[in-house]
Amino acid sequence: MPTAAPRIALTFGDFSGIGPELAVRLLAESSNLEKARISALVSHDEFDRACDAAGVSIPVADEPQTGAVHLVGSPLQDIEVPIRETSVDAGARVMKDLEKALAMSRDGDADSIMFLPLNKTSLHLAGMHEEDELRWFAKELEFDGFTSELNFIPGLTTSRVTSHIPISEVAQHISADRVRHAIRLLHSVVLGTGVETPRIAVAALNPHAGENGQFGREEIDHIAPGVELARDVDGIEVTGPFPSDTLFIKARDGEFDGVVTMYHDQGQIALKLMGFDQGVTVQGGLPVPIATPAHGTAYEIVGMNKAHLGPSQRALDIAVGLGTQTAERTRA
């Protein structure tokens, strides 16, 4: 029997920004309503106001089903959030919506989660103490396994061995085990996007990949052993480490489906140069897939219906693919 359409918990992100507009424009595409059973964490009044502002009409259902949106409300629905500015109320609403989405996944009511753009300043004003959303999600889920933010543009995905830490601390956080975990996670997620045999490359840390130890030994002592473990033990098609200044040229030209990077900007600079307006972020490694467009709240264009829908559409497509994987594992 075919797997039923995945169940997706959708939050509208930060209500002070373009999230609500993007959400309803996304849901107004009938093809999106057919590929998943979407539950939106907003009230009926909030939903109607967002639809009116965007000039769209969307069918609503009393239970999760394809062809319509199921409105499940929010713990802080209908509170007044000031637009185009950071605030405690904006951050609190985002956190409560995400907490409810996580609860839906734990209760078996969501196979994946998608959230629209949020603002980290508002989240910290509202009490989020973690360095980023990924660490906050892991804490909320009581998950202590390997996690990595994954970034997508069409045709290429990256994962990271380290993320939001100072550059001065990067080398000490690289190990063969962490490199192997980053490769395995990237391989799994790229599989979920429909690539049958992902081709993975691993970036070096040092210039010229260390030049046989002259510019550092991380490639010899940690990165290459991690690549070997993933290739020889896990059976993944992975090569490297390669100097990152030329690796992304090959990736851009289609030689690889995914690249493992050693630190945040090593991959982010390349991806944003290649496709800033198409980027998606996945909170990788968590028990539930979580996807979001890789851009901000864009206060300067709120209410103008000018926001580019491409990253949100791609985020939904990825949430559907990874949610289908979750549903199949649960069913098995």
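The values are calculated or read from the model by the stated rules, or taken from the named source; none is laboratory data. The structure displayed is predicted, hence computed values, not measured ones. Heads up, the Cβs are rebuilt from the backbone with ideal geometry, glycines too, and the neighbour counts pull from every protein chain shown. The protein model used for the area step is the full one, side chains on, heavy atoms only, and it has no ligands, DNA or RNA in it. Shrake-Rupley method; radii C 1.70, N 1.55, O 1.52, S 1.80 Å.
Summary table
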{"item": "Separation in nanometres of the label points that stand 7 Å from Cα toward Cβ, at Asp48 and Asn212", "result": "7.5 nm"}
{"item": "Cα gyration tensor, region 180-332 - rounded (a/c under 1.5), prolate or oblate", "result": "oblate"}
{"item": "Order of exposure, largest accessible area first, which applies to Asp144, Asp111, Asp253 with probe 1.4 Å", "result": "Asp144, Asp253, Asp111"}
{"item": "Net charge contributed by nearby residues that have their C-beta within less than 12 Å of Phe256 (K/R +1, D/E -1)", "result": "-1"}
{"item": "Per-residue HN-Hα couplings for region 136-145 [Karplus 6.51, -1.76, 1.60; θ = phi - 60°; Hz; x = Gly/Pro]", "result": "5, 4, 4, 5, 4, 8, 6, 10, 10, x"}
{"item": "Value at 222 nm in deg cm²/dmol, rounded to 500, when DSSP H runs of n ≥ 4 in the chain each add -39,500 (n - 2.57)", "result": "-11500 deg cm²/dmol"}
{"item": "Rg/Rg_globular for region 187-260, with Rg_globular taken as 2.2 N^0.38 Å and Rg from C-alpha atoms", "result": "1.12"}
{"item": "Solvent-accessible area per residue for region 152-250 (1.4 angstrom probe, square angstrom)", "result": "47 Å²"}
{"item": "Inter-part distance where region 4-39 and region 71-117 are each reduced to a Cα centre, Å", "result": "13 Å"}
{"item": "Label-reachable residues, region 1-40, where backbone N falls under 15 Å from a point 7 Å from Arg329's Cα toward its Cβ", "result": "7"}
{"item": "Prolate/oblate/rounded call for region 111-151, Cα gyration tensor, a/c under 1.5 rounded", "result": "oblate"}
{"item": "Accessible-area value, Ser87, 1.4 Å probe, nucleic acids and ligands omitted, Å²", "result": "20 Å²"}
{"item": "Net charge of Cβ neighbours under 12 Å - reference Val302; Lys, Arg +1; Asp, Glu -1", "result": "-2"}
{"item": "The chain shape via C-alpha gyration tensor axes, a/c threshold 1.5", "result": "prolate"}
{"item": "Fraction of accessible area attributable to carbon and sulfur, the chain (%, probe 1.4 Å)", "result": "49 percent"}
{"item": "Choice from Pro289, Pro243, Pro207 showing the highest fluctuation, given a GNM over the chain with Cα pairs closer than 10 Å", "result": "Pro207"}
{"item": "Lysines with Cα under 25 Å of Lys100, excluding same-chain neighbours fewer than 8 positions away", "result": "Lys35, Lys120, Lys139"}
{"item": "Gain on full stretching of the segment that runs from Glu196 to Leu273 - 0.36 nm per residue minus C-alpha separation", "result": "25.0 nm"}
{"item": "In Hz, Karplus ³J(HN,Hα) per residue of region 17-33 (6.51, -1.76, 1.60; θ = phi - 60°; x = Gly, Pro)", "result": "x, 8, x, x, 4, 4, 4, 6, 5, 5, 6, 6, 7, 4, 5, 5, 6"}
{"item": "Radius 13 Å from Cβ of Pro6, net charge of other residues (Lys, Arg +1; Asp, Glu -1)", "result": "0"}
